[in-house]
Amino acid sequence: MSTTSMPPVYEDARTRRHKARAAGLHPDYWYAVEYEARVPRGRVVEVTFWGTSIALYRDQRGALHALENRCGHRQLKLSLGSVEDCRLTCSYHGWGYDPDGRLAGVPHDLFGHPLPDVRVRAYPVQARYGLVWIFPGDPARASERRIPDIPELEGPDRWACVPVDFTWPAHHSMIVDNVSDFTHAWLHRKYQPFSGARLTRCETVGDRVHVAYDTEVGRGRISGMFVDRRRVNTNAMDLCYDYPYQWSSTDGKIKHWCFFLPIDERTTRTFFLFYFESLRIPLTSLRVPRWLMTPLLRLANRWLIVPLLRQDGVAVEAEQEAWDRHFDRPVPDLNPAVGLFQALTVRKWDEHLAMR
């Protein structure tokens, strides 16, 4: 029967599915949290990782920093404050923090007291592929982990890529299922990004779940005009839940990455990076010139990619609402990949909990 109670928290969950839908993502990885262009010099913005608020800012010299989003005095959010040279200053009493999180200055009378020994947590931060990345876990492990290498997006001959992002009221595991389980082609029958999918590979290798489909890629009325089928085999696609990220490749010529930011148990921001070696000029065999690829992708995002992904957003939001109401119902998942995705999510979260 349906129930009005809430799904169990992770510690009380007994099934793989219940655990997967309550698990967080392991913090000992780099997570994309914002576009680099949205954090100019002197700007501070709030980002959130699994319920933890972080103040992200760029100092007047151009360096990025990330601090626990609270002042050690009255606990106001530092994201309400201002950037003064390289310090982040609280809006209330002007307490200023250095990039390492140490209180460095107070502008008012100390009444005979020494400067308080106050420190807030600082997070490792980097910029890559136009995104800002934060390492929310053990900072000693930040150098061990790498932001995914995407060689096609580096160097003078890099492929065109215009990221898009969505914040959906859904648990991150539902989005992982969505982007890798091609049984939902019916949802996208208007755009037909893939159709006739037949699973040809499904296995876990370490911290990756590899999935492959024989499927017709990019057969939509509009998208199909730009796909260069003379140079690209669009009859198969490889995908990977490369924990905690996801990617796909069609013949090594059409690729994408998904970077998930788990904001809380029911909210996820996802950055999508689609990139192409080339596209063709419709009704010809000519490639779109490299200089035209970026403006073309901006148009494609607006008229094709974003409307397509909004369908996914509606679906996962509805799934979250349904899960909250009917979590006790049995779910006959037919695609074996879904179980592997969930098992990996649970295993990695268990690893994190065992380290605490």
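Looking at the range 20-54, which of its residues are farther than 19 Å from residue 163 by Cβ, part of a strand (DSSP E or B) and of a type in the set (Asp, Glu)?
46, the sole residue that qualifies.
What are the pairs, 6+ residues apart or on separate chains, where a residue within the range 318-339 that is under 17 Å from residue 200 (Cα atoms) has its Cβ under 6 Å from a residue that is of a type in the set (S, T, N, Q) and assigned to a helix (DSSP H, G or I)?
Listed pairs, sorted by first residue: 335/183.
Quick one: what pairs do we get from the range 85-114, first residue under 20 Å from residue 139 (Cα atoms), second surrounded by 17 or more Cβ atoms within 10 Å (Cβ to Cβ) and among the polar types (S, T, N, Q), C-beta under 8 Å, 6+ apart or different chains?
Partner pairs satisfying both residue conditions: 97/89.
Only one of (1) out of contact with any helix residue (DSSP H, G or I) (no Cβ under 6 Å at 6 or more places or on another chain); (2) at pLDDT 95 or above; (3) assigned to a helix (DSSP H, G or I) fails for residue 210. Which number is that?
Just one mismatch for residue 210, condition (3).
So which strands (runs of 3 or more DSSP E) stay within the range 96-179 end to end and still have 1 or more residues that are more than 14 Å from the chain's Cα centre (by Cα) and not polar (S, T, N, Q)? Give the steps one after another, and end with the answer.
Values: elements: 103-105, 125-128, 131-134, 164-168.
Strands (runs of 3 or more DSSP E) meeting the threshold: 103-105, 125-128.
Which one of 35, 10 is surrounded by fewer than 20 Cβ atoms within 10 Å (Cβ to Cβ), more than 20 Å from residue 68 (Cβ to Cβ) and outside the structural domain of residue 90 (by TED's automatic domain parsing)? Steps first, please.
Working: 35 fails: outside the structural domain of residue 90 (by TED's automatic domain parsing).
Exactly one of 35, 10 is surrounded by fewer than 20 Cβ atoms within 10 Å (Cβ to Cβ), more than 20 Å from residue 68 (Cβ to Cβ) and outside the structural domain of residue 90 (by TED's automatic domain parsing), namely 10.
Within the range 170-194, track down each residue that is surrounded by fewer than 17 Cβ atoms within 10 Å (Cβ to Cβ) and not hydrophobic (A, V, I, L, M, F, W, C).
Listed by number, the residues that qualify are 183, 184, 189, 190.
Take the conditions closer than 30 Å to residue 165 by Cα and not in a strand (DSSP E or B) and apply them to residue 74. Does it pass?
Taking the combined requirement at face value, the residue does not satisfy it.
Show the residue pairs meeting these rules: Cβ distance below 6 Å; 6+ apart or different chains; first residue within the range 65-80 and without any contact (Cβ under 8 Å) to a residue 24 or more places away in the chain and under 25 Å from residue 131 (Cβ atoms); second residue part of a helix (DSSP H, G or I) and small (Gly, Ala, Ser).
Every condition considered, the pairs that remain are 69/79.
The values are calculated or read from the model by the stated rules, or taken from the named source; none is laboratory data. Fair warning: this is a prediction, and the values are worked out from it, not measured in the lab. Counting neighbours? That spans all protein chains shown, and the Cβs are built from the backbone with ideal geometry, glycine included.
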